[in-house]
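Student: Sharing a structure, written as structure tokens. Questions coming.
The values are calculated or read from the model by the stated rules, or taken from the named source; none is laboratory data. All figures in this text were calculated on a predicted structure; none of them were measured in a lab. With ideal geometry, Cβ positions are generated from the backbone for all residues, glycine too; neighbour counts draw on all protein chains shown. When the accessible area is computed, the model is the full protein with side chains, heavy atoms only, and any ligands, DNA or RNA have been set aside. Shrake-Rupley method; radii C 1.70, N 1.55, O 1.52, S 1.80 Å.
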Amino acid sequence: MTAVAAIPHAAHVRAGPGTDSLRVALVGNPNAGKSTLFNALTGMRQRVANFPGVTVEHAEGSYARDSAWITVLDLPGTYSLAAQSPDEAVALDVLLGRARGVPAPDVIVVVVDAVNLERNLFFATQILELGRPTVIALNRMDRMVAEGTRIDVPELIHELRTVVIPVSATRGEGIERLRHAISCAPSLPPAPARIGLGDEMDVERRYAWIADVVERCVVRRTRSARTTSDRVDAVLLHRVWGPLIFLGILLLAFQAMFSAARPLADGIESLVAVAGALVTRVLPAGDLRSLLVDGVLAGVGSVLVFLPQIAILFLLIGLLEDSGYMARAAFAVDRYVRPLGLQGRSFVPLVSGYACAVPGIMATRTIQQREERLATIMVVPLMSCSARLPVYALLIAAFVPAVRVAGVVSLQSLTMLGMYLLGTVAALGMAAIFRRTLLRSDTRALIMELPRYSLPSPRVLLASVWQRVRIFLRRAGTVIFAISVLLWALARYPQPSTPTPPTPEAQLGASALGRIGHAIEPAVRPLGYDWKIGVSMIASFAAREVFVSTMGTIYSASAEEGGPALAQRLRGERDSRGRAVYTPLVAIGLMVFYVFALMCTSTIAITIRETGGGWRGLGWAALQFGYMLALAYGGALLVYRGGLALGLGGGG
């Protein structure tokens, strides 16, 4: 790594024993490694990815130094102080002290990607002209050394007239130097050579000045015209092979969900069964034992079984993001989504929706045009999120045979891929409708930085997966737990007054849950569903995965203790005439319903907030919920009735 030049002498903002705290704003272009540097400075785990839009709101961490408490704000990535999108406006408001509830920073740290120095210096010079205590963190210096390129840091300090600290955030190099510079940040006067913000001519003059600085400060070795990255991009960005490779990657992920995750899922299922047997052995028969076994363990346990598959999905998304592939995928699909009124930048929130619609909707802040951003918000929930995965996995495992197509790919993984593709196609189709009706406007050209390919850090990747898994576990321990207890009570009471103890099935039918289910059964019967599915669908409006926990609670309450697993119970369910209640046709229709239906209170809340709040946001959220429910009911009806017309059978 290039040696660090001495910090120039100037007035200092010093965090000494008499200072309670120092607030530091971390800013920089997207993909400059800002969030990784934030982790290195504070030791706090933070989501890291190689495309704009991950840090859509500032994150906050802290560390102690010289008897002072240093608070670091990780602001959204931005290319310019002339805010073009909501997340850039957030960064600008914080820097200028205009953000409500967020004090202006004492020190600004601009993270500059040394590999893309010229482009990153445009934003850095704008920050310097604010005249605030500023430190330049010259990141990824290790890559410059590996490429045989040298940056004359003292000369760069002379040109910028501020502190420049070479660092490698991923390796933790230069972090202590940076902490010292933060504590001793000089107050900077605007440099005479720099130009103020203004019209297009000023932008050209600024870039000309930057090019002159880079020419004097950077010594590059002669490189071949076509790099390894270029050769890889020729394949991954190919108009034909690129999308096919992306589909192949998804197919491999789904294959892993049903193969690599199966032993782990079986282990969790066994642990839940052992816990149930232990409770049954320790506690006497009664409401408490029934609550723990039929309510908590049956409800929460039925969802936890799918935790390994969810972790594999998160791991795949993390690999694609941190390797630099996701930004390229966005660039590759731009030509396909542009006729629909979107641009490749919308691809980032849409793919984020595979994990969860909430961060996907928040990631739309990188989209500059209002109409395009609103259209993307309206369709992100159609992307199959991790909450849908337990529903898909349960029904596929129960009703799709584990056979291999052409001896290579399992039919189960192909079915899973089909559900994800259905949601994606529906999202693009609805986006086209919105952009041609309510949200009509011109589509802007895509300008996106393609980061260098890199090997993801195992530590950062695993921390990212664990962060997402922890959110899922927290939901299982709160929302699903509470709903499971409520459903158990509804399924347990009132109890029929009969001279002999009722059978579990009779008890369930006479309970409040049974009465509610029979009341709504006429609405779901055209789809081939019975009242138990209807109740589970209603319960899952809080969160989609609640469908599985509700089915677990219902079928645990309607069966003798120690019965078979939920999937086996569904396969064995019979109606009063002895016909199968659940068939492959019913299962496919139910999955189609969950592909389209918006059953997530968190998504509704974030849509209201991100579309303006108040009555306006409520209106957009109501439209989103309504059209998705119509798609869900219509799609499930078409599958079931169409299947019956084709003689595929529906189980009555």
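Student: P(r) of the stretch 418-550 in 10 Å steps, Cα pairs, percent per bin?
Tutor: Going out from 0 Å in 10 Å bins, the stretch 418-550 shows 10, 20, 24, 22, 14, 7, 2, 0 percent.
Student: Based on the alpha-carbon set only, what is the convex hull volume of the stretch 582-652 divided per residue, in Å³?
Tutor: For the stretch 582-652, the hull spanned by Cα atoms encloses 75 Å³ per residue.
Student: What is the sum of charges, Lys and Arg at +1 and Asp and Glu at -1, for the other residues whose Cβ falls under 12 Å from the Cβ of Val333?
Tutor: +4
Student: What number in nm² do you get for the stretch 245-285 if you take the convex hull of its Cα atoms and divide its surface by four?
Tutor: Answer in nm², one decimal: 3.5.
Student: On full extension of the chain, what length is gained from Arg577 through Leu455, given 0.36 nm per residue of separation minus the C-alpha to C-alpha distance?
Tutor: Stretched out fully, the Arg577 to Leu455 stretch lengthens by 38.0 nm.
Student: With contacts defined as alpha carbon pairs under 8 Å and 6 or more residues apart, what's the relative contact order of the chain in percent?
Tutor: Normalised by residue count, the contact order of the chain is 12 percent.
Student: Which values of log₁₀ I(q)/I(0), to two decimal places, follow from the Debye formula for the stretch 489-588 at q = 0.13, 0.14, 0.15, 0.16 Å⁻¹ with a uniform point scatterer at every Cα?
Tutor: These q points yield log10 I(q)/I(0) values of -0.45, -0.53, -0.61, -0.70.
Student: Set the Förster radius R0 to 51 Å, insert the Cβ-Cβ distance between Trp615 and Glu215 as r into 1/(1 + (r/R0)^6), and round the FRET efficiency to 0.05.
Tutor: Efficiency, rounded to the nearest 0.05: 0.35.
Student: Also: Averaged over every viewing direction, what's the projected area of the C-alpha convex hull for the stretch 526-652? Give it in nm², one decimal, please.
Tutor: Convex hull of Cα atoms, orientation-averaged projection: 8.6 nm².
Student: Probe of 1.4 angstrom, ligands and nucleic acids ignored: what's the accessible area per residue over the chain, in square angstrom?
Tutor: For the chain, the solvent-accessible area averages 41 Å² per residue.
Student: Stretch Leu130-Ile520 to full length: gain in nm at 0.36 nm per residue minus the Cα-Cα span?
Tutor: Length gained, Leu130 through Ile520: 134.1 nm.
Student: Could you please state how large a percent of the accessible area of the chain is carbon and sulfur, counting protein chains only and using a 1.4 Å probe?
Tutor: Taking all protein chains in place, the chain shows 63 percent carbon and sulfur surface.
Student: In Å and on Cα atoms, what radius of gyration and Dmax does the stretch 267-337 show?
Tutor: 21.0, 65
Student: How large, in Å, is the stretch 484-523 by the Kirkwood hydrodynamic radius built from its alpha-carbon pairs?
Tutor: 10.4 Å is the Kirkwood radius here.
Student: Along the Cα→Cβ direction, 7 angstrom out, place labels at Ile433 and Leu473. What is the inter-label distance in nm?
Tutor: It works out to 4.0 nm between the two label points.
Student: To continue, here is another question. Using the membrane-span-like helix rule (whole DSSP H runs, Cα extent along the own axis of at least 24 Å, mean Kyte-Doolittle hydropathy at least 1.6), which helices of the chain qualify?
Tutor: 241-259
Student: For an R0 of 56 angstrom, estimate the FRET efficiency from the Cβ-Cβ distance between Arg177 and Asp287 and round to the nearest 0.05.
Tutor: FRET efficiency, Arg177 to Asp287: 0.30.
Student: Could you check the spin-label model distance between Ser259 and Ala463? Points 7 Å from the Cα along Cα→Cβ, value in nm.
Tutor: According to this spin-label approximation, the distance is 3.2 nm.
Student: Still on this structure, please answer the following. Need one number: convex hull volume per residue for the chain, Cα atoms only, in Å³.
Tutor: 186
Student: Evaluate the stretch 313-423: find the radius of gyration of its Cα atoms, find its Kirkwood radius, and give the ratio Rg to Rh.
Tutor: With Rg and the Kirkwood Rh in hand, the quotient comes to 1.03.
Student: Considering only DSSP beta bridges where both residues belong to the chain, give the percentage that are antiparallel (nearest 5).
Tutor: Here the share of antiparallel DSSP bridges comes out near 45 percent.
Student: Ala406 versus Val232, label points 7 Å from Cα toward the beta carbon: distance in nm?
Tutor: That separation, rounded to one decimal, is 2.6 nm.
Student: Could the peptides 411-418, 283-290 be put in order, highest first, of the mean number of other beta-carbon atoms found within 10 Å of their residues?
Tutor: Averaged packing, sorted descending, gives the order 411-418, 283-290.
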